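Since the structure comes first, as structure tokens, the remarks are kept for the end.
Each reported figure results from applying straightforward, stated rules to the coordinates on display, with no laboratory input. Not measured: the values here are computed from a predicted model. Every residue, glycine among them, receives a Cβ derived from its backbone with ideal geometry; neighbour counts consider all protein chains shown.
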Amino acid sequence: MKTIIGLCSALAFGLTQASQAADLRVYTYDSFVSEWGPGPQLEQAFEAQCGCDLEYVAVEDGVSILNRLRIEGENNKADVILGIDDGLSVDTRATGLIEPHGLSISPLRQELAWQDDSFVPFDFGYFAFIYDSSKISQPVTSLRALIESDASVIYQDPRTSTPGQGLMMWVKAVYGDEAPAAWQQLSRHTVTVTKGWWEAYSLFLAGDADYVLSYNTSPAYHVVAENKTQYRAAPFSEGHVAQIELAAITSTSQNKDLGRDFLQFLVSPQAQAIIPVTNWMLPVIDNVELPPVFGELISPQRIGFSAEEAGASRQQWLREWRSSAAQ
Amino acid sequence: MLDIEDLQVLRDQQPLRYSLQVQRGEILAIQGRSGVGKTTLLDCIAGFASAHCGRLDWQGQSLLGLGAAQRPVSMLFQDHNLFEHLSIADNLSLGLSATLPKETLQSALDTLEVAELLARRPTELSGGQRQRIALIRTLLRPEPIVLLDEPFAELDPHSRQRATDWTRRTAKAAQKTLLMVTHQYEDVQQVADRAIMLLGIT
Amino acid sequence: MLAAGMLALGFSLAVTVLAFYGLIGFDSSGTESRLDTRLLSDGYFHSVVWFSIKQAGLSALLALVLAWPVARALYYSPGLWLRQSFLSLCVLSFVMPTLILITGLVALLGRQGLISPWLGQDWNLYGLPGILIAHVYLNLPFAIRVQLLQLQHIPDSSWKLAAQLKLGAWQRLRLIEWPALRAGMLQLFGFVFVLCFNSFAVVLALGGGPRATTLEVAIYQSLKYDFNIPEALTLAWTQLLIAGSLFLLLNRLGGNQWLGVDSTQQHWTPKPGAAMQRLHRLLYATAALALLLPLLALVPGVLQVNLARFDWLAIARPAFITLLIAAIAGTGALLLAYATLLPSRFARTEGRNTLALLCDWLSTHALVAPAMVVSVGLYILLLPRLDLDHWGMLFVVLLNMVLILPYAVQQLRPRLLQFDRQYERLVRSLKLGFQERLRIEWPYMRRACITSFALMLLLAMGDVAIFSIFGTSDWTTLPWLIYGYAGTYRMGEASVASLLLLLICALVVWLFQHFEKGQQDA
């Protein structure tokens, strides 16, 4: 009984611990702030630089950041939002809760072709199909080849995950109006379509598919963290769709100068050296000191749609996928 | 006086009708063929079956508006009189008044030859033993009206003799108004002041 | 007493009502969130509803039918080897986190699965077979336990009578066993149907593509990705209507459960013949193997992880928090369940059966209310009004409590109804007060309470859905940590942590089984 009371009071204590208002509050997603994510190191580095207190408020994922903004509206507590991807940027802007940062951001990698007055990219990656080179010696070299092959494929549901939406745009960019036929063809050798990234990836690691939809950076993790070199991303000749992760300052922030400093910090060489090896994405600036494997990753040509185009057609594409892939 | 007049109870859509008076302290045996509505009458007095018209008065006050827990009634059912998961001692203590002298209970246990059973569970008892325990509790509870539904049915002749004697003695000493459903002529002779026969005319 | 019951019932209802209110009242674009009725004529919507019903119906039917012979084997052969441990394994399977189940099934039956080579060239786990296998794995053990319990309620006198009357096997089945199971079967079917109807991650992972889409997926999409509240509401009402009315109907058809009184403790059941006994042993062994294999299939994956380098300390705190939250939510759910059952019991003793049925339905309504809608609705309602970064954990506990409440009610109700049927008249006749009543009920309910508490603990321990919305990263639970690992390439760590979670669950089951046994002997 005593221990139970002890436990309960521990919980009560934890609940009532007054959180002191930090100087800079950052809304982000959960895995960003996890022990092995970029959050802790970035916090330490930035706090040392600004002599201020930074606090993360973590929600489940990127979409949840946007949803939280929508629910809280003007009453949100964020100074900076971090972790929205380019696909969500139009909707995020539409909330009217973010504002132009007014910074001159030092040159970003050219392939990003980034021009936006509000959002600052902090990392990016290309969607790519990963395969096990110990099992497949002759990987497919294009999306068309993959779709026309009979290799087993696992990907994520575009209704519930970002990579799924990425593939949707990819197919649309390559096939245009013939996308429905492509989906039908793909569905014949699709093992399964999962809710989120990890289900697909762990099914792949268990050997249940030849190819899984992930990022071109995935092999880097296996090399750096596990010393395994057999997982590779297949470069596709048509080019790849990118996912760019973004940060912005809110229009309701009381501390916009510090927010701007933080955005600037995110694209600094110091931060850019931390993010790739913790978030397993690519840096947004050139000449960052990284483990050699990052130099061996495929660097495809970027194709796809602008955030505005994608936002306008998303529902239509989803319906197209839904009806063709179900056959 | 327990005054029942033109009391109507519905049982399986059939109306049963009762009229009878029992004086305070009187012991009345109720007889009749199976299914004639003897148990229903007791249930109605105790508040487990509701009357849709008629009168049920105790000492001039109507009982019909009262819930089972408010009525001045102690009832012995045909079965399920004991909580199977509680010991006999615990079962006996339920519903007995705190002011009941210990000796009264002890002498009842001795008389009915069940004093040895207190630590046991009901499942370990024979039907007759269970019935005697329940009988003791029903009669010693501080309620003026006692209803017994076939109280001696499972007893052997020896126990039966002791139980009927004790029941009459205890009821008379405490001025209980007792209604007892029975099929046995000896029970009527040994316990009751008066017997009525329910005929089942509806 | 009744007032306390009404209050508890009102509380559990209020959570759902407030959640819907939160969604309906939310106004993001200046237009009121109305229902999206266009959806109702959409072909996609129809196929989603139809698939949800089909897979849930098939899963429930399979689970029940397959459980039946095993439950009989367990009933007729009380001397089976490790019988009690098997029953504990059944509890464990029922609460298995989907993450572990999917991994286990794939390791066993996937393309590289351990037993796939024996299943022939055409074997494919993904699709309806995968969904059914996973759902049967989760629910068959539960069905076995329920059916066994019902068989055990057959009074000895019935068997003795049957023996006297020299009833044949078919007559015994028809006249004794089936009546004992019938009412419970319908309710069990409803229960399992609703669980599968609301299933989500399993369906997507093993379903093979958008053909396999349940309403729950559609709700997730509309609420999370499109933030389309009118559509989410329409879907939620549809789900509530279908699952809710089916549940109500089956409860009504099932009528009052046929429960014997437990007046005797010596169990006299007919001894099956030698051939039958062999069959029973075979059935039992098959079932045990089927439940164990997906768990054993996890072991090779875990062995690949460098356990020496594994950060055990990182797991200790989340494990402790998980237990703590589950213990509070579980205790709360049991107390709440007892209280919410008071009105229905009261109505039943008054003979107002329709009212009792309504109360029963209300006390278990959280089962059919889409969990996602309830948590998001409350989140929308509370976020602007309360510092959820601060009070979030309170709601994790509270919502877990409300969402496991139906299970607690299901566990306690039969036993309480049995108590009422046997003793309600006696209790009223003895004029027992509330305290005395509790004093008598407690020893009668103790075992049921202990077993239910273990189940509540396990159910609450597996939660990720609520934590993902209300949780704060300072209070990471073990399941959430597992998803965190899995979401960032650390599949190895995730499988070690999963196995650990499973071991903790097993430990809980084992402890309670021991405790329960102690109670029984006392």
For this session: Could you pull the Cα extents of segment A:62-191 along its three principal axes, largest to smallest, in whole Å?
Result: 51, 34, 32
For this session: Can you list which of the trypsin sites (Lys or Arg not before Pro) found in segment C:363-429 are DSSP loop residues with at most 11 other C-beta atoms within 10 Å?
Result: C:Arg385
For this session: Can you grab the distance from the C-alpha centre of segment B:48-114 to the C-alpha centre of segment A:25-84, Å, no decimals?
Result: 69 Å
For this session: Taking the Cα centre of the protein assembly as shown as origin, work out the dipole magnitude from +1 charges on Lys and Arg Cβ and -1 charges on Asp and Glu Cβ, in debye rounded to 20.
Result: 4880 debye
Problem set entry | In Hz, Karplus ³J(HN,Hα) per residue of segment C:432-442 (6.51, -1.76, 1.60; θ = phi - 60°; x = Gly, Pro) | 7, x, 4, 5, 5, 4, 4, 4, 7, 5, 4
Exercise. Relative contact order (percent) for chain A, with alpha-carbon contacts under 8 angstrom and 6 or more residues of separation?
Worked result: 26 percent
Seminar exercise, completed: Once amide hydrogens are built 1.01 Å from N within the peptide plane, the residues lying 5 or more places from A:His101 or on another chain with amide H under 5 Å from its amide H are A:Ser118
For this session: Determine one quarter of the surface area of the Cα convex hull of chain C, which equals its mean projected area, and express it in nm² to one decimal.
Result: 27.1 nm²
Problem set entry | Average beta-carbon neighbours from other chains, 10 Å sphere, peptide A:58-66 | 4
Exercise. If contacts are Cα pairs under 8 angstrom and at least 6 residues apart, what is the relative contact order of segment C:51-298 in percent?
Worked result: 35 percent
Problem set entry | Estimated [θ] at 222 nm from DSSP helical runs (n ≥ 4, -39500 (n - 2.57)) normalised by residues in the protein assembly as shown, nearest 500 | -18000 deg cm²/dmol
Exercise. Running Debye on segment C:51-298 with equal point scatterers at the Cα sites and no solvent, what base-10 log of I(q)/I(0) appears at q = 0.14, 0.17, 0.18 Å⁻¹?
Worked result: -1.00, -1.28, -1.37
Problem set entry | Relative contact order, percent, chain B [alpha-carbon distance under 8 Å, six or more residues apart] | 31 percent
Exercise. Hey, how many Å between the Cα centroid of segment C:460-522 and the Cα centroid of segment A:281-295?
Worked result: 37 Å
Exercise. Of the trypsin sites (Lys or Arg not before Pro) in segment C:12-107, which ones lie in a loop per DSSP and count no more than 12 other C-beta atoms within 10 Å?
Worked result: C:Arg34
Seminar exercise, completed: In Å, the C-alpha Rg and Dmax of segment B:115-177 are 12.0, 34
Exercise. Under a GNM of chain B (C-alpha, springs under 10 Å), which listed residue has the highest mean-square fluctuation: B:Val36, B:Val181, B:Val146?
Worked result: B:Val36
Seminar exercise, completed: Karplus-derived 3J(HN,Hα) from phi for segment C:325-331 (6.51 cos²θ - 1.76 cosθ + 1.60, θ = phi - 60°), whole Hz, x at Gly and Pro, runs 4, 5, 5, 5, 4, x, 4
Problem set entry | Of all DSSP beta bridges in the protein assembly as shown, antiparallel share, percent nearest 5 | 55 percent
For this session: Sort the following peptides by mean Cβ neighbour count (other Cβ atoms within 10 Å, averaged over residues), highest first: C:202-209, C:138-145.
Result: C:202-209, C:138-145
Problem set entry | Where Rh is the Kirkwood radius over Cα pairs, Rg/Rh for segment A:139-260 | 1.07
For this session: Quick one: compute a quarter of the convex hull surface over the Cα atoms of segment C:271-361 and quote it in nm².
Result: 12.4 nm²
Seminar exercise, completed: Karplus ³J(HN,Hα) for segment C:196-212 (6.51 cos²θ - 1.76 cosθ + 1.60, θ = phi - 60°; Hz, whole; x = Gly/Pro) runs 6, 4, 8, 5, 9, 4, 4, 4, 5, 5, 9, x, x, x, x, 4, 8
Problem set entry | Built amide H within the under 5 Å cut-off of B:Ala195, gap 5+ | B:Ala29
For this session: Express in % the proportion of alpha carbon pairs of chain A at distances exceeding 23 Å.
Result: 60 percent
Problem set entry | Exposed-site-free run, longest, chain A (rule: GluC sites (Glu not before Pro); DSSP loop; at most 13 other C-beta within 10 Å) | A:36-288
Problem set entry | Rh (Kirkwood; distinct C-alpha pairs) - chain B, Å | 17.3 Å
Exercise. Which values, in whole Å and largest first, are the semi-axes of the equivalent ellipsoid of segment B:1-117 obtained as the square root of 5 times each eigenvalue of the Cα gyration tensor?
Worked result: 31, 17, 14
Seminar exercise, completed: Listed by chain and number, the residues whose amide H is under 5 Å from that of B:Leu16, excluding neighbours fewer than 5 places away on the same chain and using placed H, are B:Val9, B:Leu10, B:Arg11
Problem set entry | Residue exposure sequence - B:Cys44, A:Cys52, B:Cys53 - by fewest surrounding Cβ within 10 Å | B:Cys53, A:Cys52, B:Cys44
Exercise. P(r) of the protein assembly as shown in 20 Å steps, Cα pairs, percent per bin?
Worked result: 11, 37, 29, 15, 7, 1
Exercise. Are there trypsin sites (Lys or Arg not before Pro) in segment B:1-73 that DSSP marks as loop and that have at most 13 other Cβ atoms within 10 Å, and which are they?
Worked result: B:Arg24, B:Arg33
